[in-house]
Amino acid sequence: MTKFLFKGEEVQLGRFGFVKKGDVLLLTEQETTCIIRDQDKRFEVYTPKPGTPKPKGNLIPITDKMTGAEREAAEKANKIEAQRLDQLAKANDENTVIVEEIRAMTYDGLVELAERMNDEAKSEVVSFSRKTSKSDLIRLILEARRRGLGALEEETEKETADA
C-alpha cells in the first residue's frame with residue numbers, strides 16, 4: 001500500500017469516487033504498479049513532512065456576512081464535500097485496501113498466502129484444498145483475517161516494499 005497525492009483535475013476515480021487536486025489516496029499494490037508503469041503525472045508519492053496538517057477538503061467557510069442564499073448554497077456545497085470526503089476516507093481505509101489486494105491476487109497467490117497464514121499460526125486457520133474455488137479461498141482468508149489469524153498487514157507491507 002502506498003499513499004499518493006492526487007495532482008490532476010477533478011475526476012471520478014474508481015473506488016474513490018470523485019477526487020480533487022490535493023486529495024491523498026491509499027492505493028493497492030496493483031494500482032501503484034499501474035501508476036508507475038504508465039508514469040501517470042496526476043499522482044505523486046505522498047510523504048508528509050512532520051507537522052503537516054492532514055488535507056481537509058474544500059469546505060466553504062460560513063460567515064455572518066453571507067446572505068441567506070449564499071449561506072444556503074455554502075451549506076449545500078459543504079454537505080456534498082463532506083459526503084465526498086467520507087467516501088474518500090472509506091476507500092482509503094487500510095482494511096479496505098487489504099481486502100482489495102486479496103481480491104486482486106491470483107489463485108496461486110491466494111494459495112501461498114493461505115499456506116503462510118497456516119504456517120504462521122502453526123495450525124490450519126485457512127482450511128482449503130486445490131479444489132477450493134478462488135472465491136471460496138478469498139472468503140476463507142478474509143474470515144481468518146477477521147478472526148485475527150495470520151499477519152496479512154505485515155505480508156502486504158512486505159510485498160509492497162519489495163515492489
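Quick check on the range 122-140. Is at least one of its residues among the β-branched types (Val, Ile, Thr), touching a Leu at 6+ places or on another chain (Cβ under 8 Å) and modelled with pLDDT of 90 or more? Break it down stepwise before answering.
First, the residues of the range 122-140 that are among the β-branched types (Val, Ile, Thr): 125-126, 132, 138.
Still in the running and touching a Leu at 6+ places or on another chain (Cβ under 8 Å): 125-126, 132, 138.
Going one step further and asking which of them are modelled with pLDDT of 90 or more, we end up with 132, 138.
Yes, the range 122-140 contains at least one residue that is among the β-branched types (Val, Ile, Thr), touching a Leu at 6+ places or on another chain (Cβ under 8 Å) and modelled with pLDDT of 90 or more.
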Open item on the list: Cβ-Cβ under 7 Å, sequence separation 6+ or interchain: first residue in the range 132-145 and over 16 Å from MET117 (Cα atoms), partner crowded, with 16+ Cβ neighbours inside 10 Å. Which pairs?
Closed with: LYS134/LEU110
- [ ] Within the range 6-37, track down each residue that is of a type in the set (Lys, Arg), over 12 Å from GLN87 (Cα atoms) and open to solvent by 40 Å² or more (accessible area, probe 1.4 Å).
- [x] LYS7, LYS21, ARG37
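Listed here are the residues, each with its yes/no results for (1) aliphatic (A, V, I, L, M); (2) farther than 23 Å from LEU27 by Cα.
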{"site": "ASP93", "(1), (2)": "no, no"}
{"site": "VAL99", "(1), (2)": "yes, no"}
{"site": "ASP108", "(1), (2)": "no, no"}
{"site": "LEU113", "(1), (2)": "yes, no"}
{"site": "GLU120", "(1), (2)": "no, yes"}
{"site": "LYS131", "(1), (2)": "no, yes"}
- [ ] Could you identify the single residue in SER127, SER123 that is out of contact with any helix residue (DSSP H, G or I) (no Cβ under 9 Å at 6 or more places or on another chain), under 30 Å from ALA144 (Cα atoms) and in a loop (DSSP other than H, G, I, E, B)?
- [x] SER123
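Could you run through the range 141-163 and say how many residues are small (Gly, Ala, Ser), open to solvent by less than 50 Å² (accessible area, probe 1.4 Å) and modelled with pLDDT under 85? Break it down stepwise before answering.
Residues of the range 141-163 that are small (Gly, Ala, Ser), as a first pass: 144, 148, 150-151, 161, 163.
Checking the rest, the ones that are also open to solvent by less than 50 Å² (accessible area, probe 1.4 Å) come to 144, 150-151.
With modelled with pLDDT under 85 added as a condition, the list becomes 150-151.
The number of residues fulfilling the criteria is 2.
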Task: Residue count, the range 72-99 (criterion: open to solvent by 70 Å² or more (accessible area, probe 1.4 Å), in contact (Cβ under 8 Å) with a residue 12 or more places away in the chain and within 17 Å of the chain's Cα centre (by Cα)) - done: 2
- [ ] Would you mention how many residues in the range 100-117 are without any contact (Cβ under 8 Å) to a residue 12 or more places away in the chain and part of a helix (DSSP H, G or I)?
- [x] 4
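Can you report the number of residues in the range 38-47 which are open to solvent by 70 Å² or more (accessible area, probe 1.4 Å) and assigned to a loop (DSSP other than H, G, I, E, B)?
Of the residues in the range 38-47, the ones open to solvent by 70 Å² or more (accessible area, probe 1.4 Å) are 38-39, 41-42, 44-45, 47.
Now drop any that are not assigned to a loop (DSSP other than H, G, I, E, B), which leaves 39, 41-42, 47.
Here the count works out to 4.
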TODO: Scan the range 12-46 residue by residue and report those that are farther than 19 Å from ASP93 by Cβ and free of Cβ contacts under 8 Å to residues at least 12 places away in the same chain.
DONE: GLN12, CYS34, ILE36, ARG37, ASP38, GLN39, ASP40
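Output the residue which, of all residues in the range 130-146 that are touching a helix residue (DSSP H, G or I) at 6+ places or on another chain (Cβ under 8 Å) and in a helix (DSSP H, G or I), is farthest from ASN95 (Cα to Cα).
This residue is LYS134.
The values are calculated or read from the model by the stated rules, or taken from the named source; none is laboratory data. The shown structure was predicted, so the numbers you read here are calculated from the model rather than taken from an experiment. Don't worry about glycine lacking a Cβ; one is built from the backbone with ideal geometry, like all the others, and counts go over all protein chains shown. Heavy atoms of the whole protein, side chains included, go into the accessibility calculation; ligands, DNA and RNA do not. Shrake-Rupley method; radii C 1.70, N 1.55, O 1.52, S 1.80 Å.
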